[in-house]
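Report on the structure given below.
Just so you know, all these numbers are worked out from the coordinates, no wet-lab data involved. Model, not experiment: these values are computed from the prediction. Every residue, glycine as well, gets a Cβ built from its backbone with ideal geometry; the counts of neighbours run over all protein chains shown.
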Amino acid sequence: MSEPRTHLQDGRARILAAALDIFAVAGFEGSSLRQIAQHAGVQHQLVVYHFKSKDALWRQVVASIFEEGAQEQALSRWAERVQQVGPADAMREMLRAFALFTAKRPELHRLLSFEGQANSDRLTWLLETFVRPHYEISTRTIRAAQDAGVARAGDPGRLHYAVIGVITSSLVFANEYRLMTGTDPFLPDEVEKAVNLAADLLGLPPAGPYAEKSPA
């Protein structure tokens, strides 16, 4: 690969990383391409060259982070895991994979909290393209665990959002959490405690012998 081409790709990656940081702390409306360029350490023109507009950049940031999450959480395999290890252990694996990714990318949920404050074409696109598939996998797994008698009764959608809150709150509000509790929520043991608390909320039994600690 030629050096100019490599330089352009490196610049694009830096812009995406910077844009995630900026969108996570200021939201779409509070951000500008010039802010993002400055944070990335590149010229404003390079941001426009790669992404044309703030809306296009925002959508690419969202797409990139959800694609990374889908790969790391192995979302395509949860139906298979329910059959292999049972719905309770599959649900625990899902919670753990979600928690580990949230600990790695808490910016995603900060960005989502900004975007969810008002209806917009961006929000509709985000929900239908990326959030709904996660939601449907999660609620199907919760329902399977309920049908097997290994999860508490209740609306799967409400339970889905309840466990998201349990897992994400300390990570998304990490600065407040550290100051109030004296604990770093990103420590592996703390992430695992959040997973266990979410599993307890769902009423799941202890993990079985075939449950994975960290899905591939």
Acute angle (nearest 10 degrees) that the helix 156-172 long axis makes with the longest principal axis of the chain, alpha-carbon atoms: 60
Of GLY41, GLY165, GLY149, farthest towards positive along the dipole that unit charges on Lys, Arg, Asp, Glu beta carbons give the chain: GLY41
Helix 54-73 vs. the chain, principal-axis angle (Cα, 0 to 90°, nearest 10): 30
Residue exposure sequence - LYS193, LYS52 - by fewest surrounding Cβ within 10 Å: LYS52, LYS193
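Indicate the gyration tensor shape class of the stretch 64-190 (rounded, prolate or oblate), computed on the Cα atoms with a ≥ b ≥ c the square roots of the eigenvalues: a/c under 1.5 is rounded; otherwise a/b larger than b/c is prolate and the rest oblate.
Oblate is the answer for the stretch 64-190, as a/c is 1.5 or above yet b/c matches or exceeds a/b.
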The chain - mean residue ellipticity at 222 nm from DSSP helices (-39,500 (n - 2.57) per run, n ≥ 4, rounded to 500): -23000 deg cm²/dmol
Entry for Cα Rg over 2.2 N^0.38 Å (calculated from the structure that is shown) out of [x] 1.12; [y] 1.17; [z] 0.99: [x]
The chain - percent relative contact order, Cα under 8 Å, separation 6 or more: 24
Charged-residue dipole, Cβ positions (Lys, Arg, Asp, Glu), the chain about Cα centre, Debye nearest 20: 280
Surrounding net charge for GLU176, when Lys and Arg each add one and Asp and Glu each subtract one, Cβ distance under 15 Å: 0
